Ligand code: 13P
Ligand code: SF4
């Protein structure tokens, strides 16, 4: 029998998370995939996560349950244009968010996740380096604002987080008669992040909720994909946790790509069927592994 390990990101539906050996954020799942003693890794997440798992654990067969599970940060980035942009800053270090294709990573000096981006970029600036940041414009703008950096930014956004809206948030805050807090993922727009009491990765936000010890009747608004509200409410059923509001007219802020991981698709993948990550070139895998490993070494 092949040894099958199933990984699920926090944004997948609760039933999928219950089928997984490990649930986590991008960094935790990358580390788990690298160290997994598995013949098959089923990655209930999105394609760039499965590609990262393959790069770190090339002997395992890595399966993405649904071929359509992409990410707007990947689809909004044309790799030839990115290459030209990178070449126009020859004396800069290119830091790329993990939400990027393997070809994109191969053009990068460092990979970061929402968990370690602050520390890695601070480390590079402390060494006197000049930095360019791709692909997430919102995350880069927040870092520039927060720390006074002058990083040139690539311009792609997460189509889910980009919907959070400051005006709608102001209204929700004004209607709130108790204490209120906002926690946000750094893929959200800058005006939203500027109002947040905490900005961090999915795991970071979950830990913030777990250790909340302020007003028991406070409303905690969460600006991230709705899947993780399940984990937050499970961890702290006593708290009043609400989704932060989005632009009027937008339907919801579920990630359509994460939600392609249906129970049936994950079960099929566990039986060895689905989209195998077997198309990456040896040169891209080798070039992408370097900046990912640099990040993992820094974060351990
Ligand atoms: P995390 O690294 O916080 O898990 O975020 C991944 C992601 O895709 C957020 O939209
Ligand atoms: Fe990509 Fe946004 Fe979905 Fe995360 S939530 S996988 S950044 S589209």
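All of the numbers you see were taken from the coordinates with simple rules; none came from a lab. Predicted model, so just to flag it, every value in this text is computed and none were measured. Neighbour counts are summed over all protein chains in view; Cβ atoms, including those assigned to glycine, are modelled from backbone coordinates with ideal geometry.
Going by average Cβ neighbours within 10 Å, how do the peptides 219-230, 164-175 rank, with the highest at the top?
Descending packing order for the listed peptides: 219-230, 164-175.
Within 10 Å, count the other beta carbons around each residue, average over each peptide in 191-201, 280-290, and list them highest first.
191-201, 280-290
Compute the length gained on full extension between residue 267 and residue 67: take 0.36 nm times their separation in residues and subtract their Cα-Cα distance, giving the result in nm to one decimal.
70.5 nm
Say a paramagnetic label sat at a point 7 Å from the Cα of residue 278, along Cα to Cβ; which residues of the stretch 45-59 have their backbone N under 14 Å from it?
Of the residues in the stretch 45-59, 59 have backbone N under 14 Å from the label point off residue 278.
For labels at residue 15 and residue 145 in the simple 7 Å Cα→Cβ model, what's the distance in nm?
For residue 15 paired with residue 145, the spin-label model returns 3.9 nm.
Taking every DSSP beta bridge with both residues inside the chain, roughly what % is antiparallel (nearest 5)?
Bridges in the chain are about 10 percent antiparallel.
Run lengths n ≥ 4 of DSSP H only: what is the helix-derived mean residue ellipticity at 222 nm for the chain, with -39500 (n - 2.57) per run over all residues, to the nearest 500?
-11000 deg cm²/dmol, from helical runs alone.
What order, most packed first, do the peptides 39-52, 13-26 have when packing is the mean number of other Cβ atoms within 10 Å of each residue?
39-52, 13-26
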